Amino acid sequence: MTLLNIIIAVAIGAAIWTASMAVIRAVANPPPAIDPDDVVETRRRFRCSLCGTEVTMTATNTTATNPPRHCREEMDEVPIT
């Protein structure tokens with residue numbers, strides 16, 4: 001092995017280690033906590049327009065205005081009967 005091969009191997013190892021540590025740090029940080037006062041009871045029903053899966057929400061965050069997503073698309077709100 002030449003000195004150049006050793007330097008290249010150490011540089012590649014350091015790059016892999018740095019990238020791995022960045023991924024681990026990103027996964028290890030939990031999302032911010034939701035204030036319990038922002039959660040309200042609700043009764044809303046949604047249906048996926050692609051596969052037909054239905055979801056009934058019984059609680060929602062007051063700051064979340066978007067409908068849930070399924071099959072990578074926003075679900076359609078269905079009137080509760």
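Odds and ends about this structure:
- Cβ-based charge dipole, the range 36-78, positive-most Cα from 62, 52, 42: 52
- Residue separation of residue 9 and residue 33 scaled by 0.36 nm, minus their Cα-Cα distance, works out to 4.4 nm of gained length.
- In this calculation the C-beta distance from residue 23 to residue 80 is compared with R0 = 35 Å, giving a FRET efficiency of 0.25.
- Charged-residue dipole, Cβ positions (Lys, Arg, Asp, Glu), the chain about Cα centre, Debye nearest 20: 320 debye
- Residues whose amide H falls under 5 Å from that of residue 44, counting only those 5 or more places apart or on a different chain, are 57, with hydrogens built in the peptide plane.
- Across every direction, the projection of the convex hull enclosing the Cα atoms of the chain has a mean area of 9.4 nm².
- Our coupling estimate for the range 19-36, obtained by passing each phi through the Karplus curve with A = 6.51, B = -1.76, C = 1.60 and θ = phi - 60°, is 5, 4, 5, 5, 5, 5, 5, 5, 6, 6, 7, x, x, x, 6, 8, 5, x Hz, Gly and Pro reported as x.
- In whole percents, the pair-distance distribution calculated for the range 36-78 from its alpha-carbon pairs, binned every 10 Å from zero, is 30, 50, 19, 1.
- Rounded to the nearest 500, the helix-only mean residue ellipticity at 222 nm of the chain stands at -11500 deg cm²/dmol, with each DSSP H run of n ≥ 4 adding -39,500 (n - 2.57).
- Projecting the Cα atoms of 4, 75, 33 onto the charge dipole of the chain (Cβ charges, centred on the Cα centre) puts 4 farthest toward the positive pole.
- Remark: the range 65-81, residue by residue, has Karplus-estimated 3J(HN,Hα) of 10, 7, x, x, 10, 8, 6, 6, 10, 5, 7, 8, 6, 10, x, 7, 10 Hz, where x stands for each Gly or Pro and the curve is 6.51 cos²θ - 1.76 cosθ + 1.60 at θ = phi - 60°.
- Full-extension gain in nm, residue 1 to residue 72, via 0.36 nm per residue minus C-alpha separation: 20.5 nm
Laboratory data are not the source of any read-out in this text; all were calculated from the coordinates shown. Please read all numbers here as calculations on a predicted model, not as lab measurements. Neighbour counts are summed over all protein chains in view; Cβ atoms, including those assigned to glycine, are modelled from backbone coordinates with ideal geometry.
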